[in-house]
1. Select from segment 163-183 the residues that are within 12 Å of the ligand (Cβ to nearest atom) and open to solvent by 20 Å² or more (accessible area, probe 1.4 Å) and list them in ascending order.
2. Could you identify the single residue in 431, 436 that is farther than 23 Å from residue 381 by Cα and assigned to a helix (DSSP H, G or I)?
3. If I filter segment 19-37 for residues that are more than 18 Å from residue 400 (Cβ to Cβ), open to solvent by less than 20 Å² (accessible area, probe 1.4 Å) and within 15 Å of the ligand (Cβ to nearest atom), do I get at least one hit?
4. Anything in segment 184-198 that is closer than 20 Å to residue 314 by Cβ and crowded, with 23+ Cβ neighbours inside 10 Å? List them, or say none.
5. Do you know which residues across segment 192-210 are within 16 Å of the ligand (Cβ to nearest atom) and at pLDDT 95 or above?
6. Between a residue in segment 324-346 that is aromatic (Phe, Trp, Tyr) and any residue that is open to solvent by 50 Å² or more (accessible area, probe 1.4 Å), which pairs come within a Cβ distance under 8 Å, given they are 6 or more apart or on different chains?
7. If I ask for residues that are more than 16 Å from the ligand (Cβ to nearest atom) and not in a helix (DSSP H, G or I), which ones from segment 259-293 would you list?
8. Filter segment 147-162 down to residues that are more than 8 Å from the ligand (Cβ to nearest atom) and either hydroxyl-bearing (Ser, Thr, Tyr) or touching a helix residue (DSSP H, G or I) at 6+ places or on another chain (Cβ under 7 Å) (or both), then give me how many there are.
Amino acid sequence: MADEKKLRVVVIGAGMSGILAAIRLRDEGIDDVTVYEKADRVGGTWRENTYPGLTCDVQSHAYTYSFELNPDWSSQYPDGAEIYGYFERTAQKYGVIEMIRFGEEITKLAFVDGRWEIETKKGTKDTADVVIAATGVLHHPSTPDIPGLASFEGASFHSARWDHSVPLDGARVGVIGTGSTGVQIVAALADRSAVVKQFQRTAQWVRKGVNDPYTPEQRAAFREDPNLILAIRNSPESEANVRLWSQAISDASSPEMHMMEGYIAQNLEQNVADPVLREKLRPNYRAGCKRIVISPNYYEQVQKPSVEIVTDAIDRVEPKGVRTADGTLHELDVLVLATGFHADMFLRPMTVTGRNGVNVEAVWADRPIAYMGLSIPDFPNLFMLNGPTAPVGNFSLIDVAERQMDYLMGLIDMLRTGKAREISADAKAMADYESARAEAASKTIFASGCRSWYLGADGAPSIWPWTYDHFIEEMKTPKLDAFDVVEG
Ligand code: NAP
């Protein structure tokens, strides 16, 4: 169209949502797009995490772009390398690789005279009409502040910085942490390492996930008829599960939540035979408060002779191993820190300055906020995928990002067609959203009394508190009165 404005868009990050953004923008005819990626490959979390046992806890056919179904998934929960391969192939197939500037970490964004000025660590300068931050959720490793950690003589690394030169077979390995990551690592090492000591500060609720491989015949049938894949993605059973789970978590006192807790607790009762070990593994908070861990074999693996669950608190790390509060020295060759991530980063550590020089750190002094998880007042034409308060906890992040991208295309189209020059969340709409969100969050299972990465510094849940249906409804189309629109 002749009177359309030719927009230049910069996408930050070439992980799952950055690849998606690039593909969608180009599909919509926006071809002046640059993706800045600080690493030398695509893949985000699937590039960074390579630990043994890595998989996704969302089933493969659901953890797939809607426009790039994958008949070749080897199983319901394939390993991380296979998932990484899917994203890399998709980026290649859709020409995203050519749009990426690798090895370029953006350090500064400033909104000046209606455009975003961009600077990278290498000193590259750029400008854009629109910036889409696809910077990931759990990306910045959190390293524990344990006395003596640096004195350890063996190999020690965070789970997201795995050192593959370190031998594991026959080794004595300590794993600090019992989140999804620690559970997957321990289950994988139980048959390989001589000793696996898992240091458990808090027990986890673990739901059993069945990981059936797809047979060659099934994969051939998926290739032949993609409707078979759609039938898995959109099966009434999986939709009912998402609906039930999302209703349950949004209301901690609901019968749905009590039913889910009963169901999840069965795994522990039925699959851990030793009553002493069972009590060690029994959480003292409600299921769903932390993110539920899904594993096909964790309980089976921790009952193997190589594995010990250590519940005494860690006192310090010494050159030879971990000393617990009861005085025991747990001698180790390898110490893995499966201690999670800083979940409040989003645009950080970039310096981001919006309209009138307002710094995002001033807006985010209490907690990162964004209207619908994607727009901040006075930061026009800067949008986030899987940003603060998005439903990142329990659903397929691909589905979340696709719906957000649909929504954003509605706003970007207004910029392109000249209906608007600047769009950002309206300050009152932001405040109303945040107060309704905080009120709803207080009723969720996340607020029922536990420590988790869902909580902000003030201890209140900082994620989407409503049902997934509510999110789907909101993402259908932007409500323009919630935006501060400067006309073109
Ligand atoms: P996490 O859930 O935040 O777990 C961190 C673990 O480290 C917790 O057990 C925590 O104990 C422990 N910890 C932290 N600091 C400690 C300290 N100083 N001393 C002792 N223990 C300490 O991190 P994560 O396991 O990496 O998982 C994060 C999220 O990533 C998951 O919830 C999930 O959303 C995602 N993830 C997904 C998959 C998947 O299958 N899709 C796989 C891995 C990760 P406390 O519980 O006591 O705080």
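The values are calculated or read from the model by the stated rules, or taken from the named source; none is laboratory data. Source: prediction; values computed, not measured. Note that we place each Cβ from the backbone using ideal geometry, even for glycine, and neighbour counts take in every protein chain shown. The area values use the complete protein model at the heavy-atom level, side chains included, leaving out ligands, DNA and RNA. Shrake-Rupley method; radii C 1.70, N 1.55, O 1.52, S 1.80 Å.
1. 179, 180, 181
2. Just one listed residue meets the conditions, 436.
3. No; the residues of segment 19-37 include none that is more than 18 Å from residue 400 (Cβ to Cβ), open to solvent by less than 20 Å² (accessible area, probe 1.4 Å) and within 15 Å of the ligand (Cβ to nearest atom).
4. Selection gives 185, 186, 189, 193, 196, 197, 198.
5. The answer is 196, 197, 198, 199, 200, 201, 202, 203, 204, 205, 206.
6. The qualifying pairs are 341/138; 341/453.
7. Once the filter is applied, which keeps residues that are more than 16 Å from the ligand (Cβ to nearest atom) and not in a helix (DSSP H, G or I), segment 259-293 yields 272, 273, 274.
8. Of the residues in segment 147-162, 2 are more than 8 Å from the ligand (Cβ to nearest atom) and either hydroxyl-bearing (Ser, Thr, Tyr) or touching a helix residue (DSSP H, G or I) at 6+ places or on another chain (Cβ under 7 Å) (or both).
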